[in-house]
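The next block holds one structure in the form of structure tokens; read it before the comments.
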Amino acid sequence: MRVDNGFRPAKSRGQNFLVDPNIPEKIVRLAGFCGSDGVLEVGPGIGALTTVLCRAAGHVTAVEIDERLIPVLREAIGGSANVDIVRGDILKLDIARLLVERMPGLDHHVCSNLPYNITTPALTEFIDAGVFKTITVMIQKEVAERICALPGTPEYGAFTIYANYHTEPEILFIVPPECFRPRPSVYSAVVRMKTREKQSLAQNEEVTFFKVVRAAFGQRRKTLVNALCAVFGNTLRKDELADAVHACGFDGRVRGEVLGVEDFAKLSQIISKLEKL
């Protein structure tokens with residue numbers, strides 16, 4: 001199906017282009033960008049979001065992997081002087097260096113209609129880069145629900161904990177399939193993730209935190225104590241791990257899927273101290 005200038009979207013790259021002009025306007029309005037903001041856009045496609053971003057932000061760096069889209073994108077942005085187009089794969093670029101080179105002195109944000117096929121790895125790269133104040137992305141609705149899931153729900157998992165440890169995520173609004181060409185088979189959602197200014201754990205405790213989380217969700221149907229034994233069994237006894245879980249207010253039958261971020265943080269601090277003894 002042709003979208004613009006005879007361009008045909010590639011399914012292998014998850015290309016679904018926004019064609020409803022109201023959606024980019026709403027995204028940028030809710031994001032609240034200003035002249036001191038530098039915005040990284042990944043997968044700008046035919047420029048529906050890019051053209052709105054360049055009117056609101058101080059500078060926009062648009063990273064597009066598909067060279068066929070570069071002329072279409074250049075035509076869409078016209079003579080806008082505050083937009084850079086970079087051809088590349090965001091999963092292979094040094095994001096921090098890119099921002100320093102392209103948008104020095106500005107507050108850095110992400111605002112993108114992310115291709116579905118790179119959603120999780122791209123979000124991980126954005127968070128791990130540690131340079132963004134906010135990450136506002138349109139992604140598959142079920143992924144958005146997983147990021148914002150509550151403990152004890154089927155959607156709740158290790159990626160939920162990871163995202164909520166580093167950011168404060170919220171779903172801004174839902175976008176139906178008819179807003180895209182070609183139409184995807186699923187609904188999308190716009191999520192804003194505000195980066196937490198300070199983490200609650202020390203570096204060594206943070207390492208333990210993510211080991212605990214991986215243990216809890218890697219063997220989801222096991223009790224938390226048994227799941228922890230599989231990871232920490234070489235250094236800690238089962239009764240020590242059971243006592244640590246109990247110290248967090250849970251009994252030995254609890255599963256990790258009901259613990260919140262703060263529960264995991266408290267448990268990780270206890271386990272870190274036990275490993276040092």
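Any read-out appearing in this document is the output of simple, stated calculations on the displayed coordinates, not a laboratory observation. Since the structure is predicted, the reported quantities are computational estimates derived from the model, not experimental observations. Please note: Cβ atoms are built from the backbone with ideal geometry, for glycine as well, and neighbour counts cover all protein chains shown.
What longest range of the chain stays clear of loop-exposed trypsin sites (Lys or Arg not before Pro) (DSSP non-H/G/I/E/B, at most 14 other C-beta within 10 angstrom)?
Formally, the longest exposed-site-free interval is 3-91.
So which of Lys26/Lys198; Lys141/Lys222; Lys141/Lys198; Lys141/Lys211; Lys92/Lys238 end up more than 32 Å apart, counting from Cα to Cα?
Lys92/Lys238
Just rank Phe264, Phe126, Phe250, fewest to most, by other beta-carbon atoms within 10 angstrom.
The most exposed by this proxy come first: Phe250, Phe264, Phe126.
Can you give me the relative contact order of the range 203-276 as a percent, contacts being Cα pairs under 8 Å and 6 or more apart?
On the way: 81 pairs, mean separation 30.6, N = 74.
41 percent.
Add -39500 (n - 2.57) for each DSSP H run of 4 or more in the chain, then divide by its residues: what number comes out at 222 nm, to the nearest 500 deg cm²/dmol?
Result for the chain, helices only: -12000 deg cm²/dmol.
Taking 8 Å as the Cα distance limit and 6 or more residues as the minimum spacing, I'd like the relative contact order of the range 28-90 as a percentage. Write down the numbers at each step before the final one.
Details: 107 pairs, mean separation 21.9, N = 63.
For the range 28-90, the relative contact order is 35 percent.
Extension gain Asn22-Arg214, at 0.36 nm per residue separation less the Cα-Cα distance, in nm?
Between Asn22 and Arg214, full extension yields 65.1 nm more.
In nm, to one decimal, how far is the Arg221 label point from the Gln199 one, both placed 7 Å along Cα→Cβ?
Between Arg221 and Gln199, the label points sit 3.3 nm apart.
With an 8 Å Cα cut-off and a minimum separation of 6 or more residues, compute the relative contact order for the chain in percent.
Once divided by the residue count of the chain, the mean separation gives 15 percent.
Between the helical axis of 119-129 and the dominant principal axis of the chain, each derived from Cα atoms, what acute angle in degrees is found, rounded to the nearest 10?
80
Mind sorting Tyr156, Tyr165, Tyr187 by how few other Cβ atoms lie within 10 Å of their own Cβ, fewest first?
Details: Tyr156 23, Tyr165 20, Tyr187 14.
If I rank by nearby Cβ atoms, fewest first, I get Tyr187, Tyr165, Tyr156.
Could you tell me, in Å, what Rg and Dmax come out for the Cα atoms of the chain?
Final numbers for Rg and Dmax: 21.2, 67 Å.
List the extent of the Cα atoms of the range 99-236 along each of their three principal axes, largest first, rounded to whole Å.
Taking max minus min along each principal axis of the Cα atoms, the range 99-236 gives 52, 40, 21 Å.
What fraction of the DSSP beta bridges in the range 11-195 is antiparallel, stated in percent and rounded to the nearest 5?
Rounded to the nearest five, the antiparallel share is 45 percent.
How do Tyr162, Tyr116 line up, fewest other C-beta atoms within 10 Å first?
Ascending Cβ contact count within 10 Å gives the list Tyr116, Tyr162.
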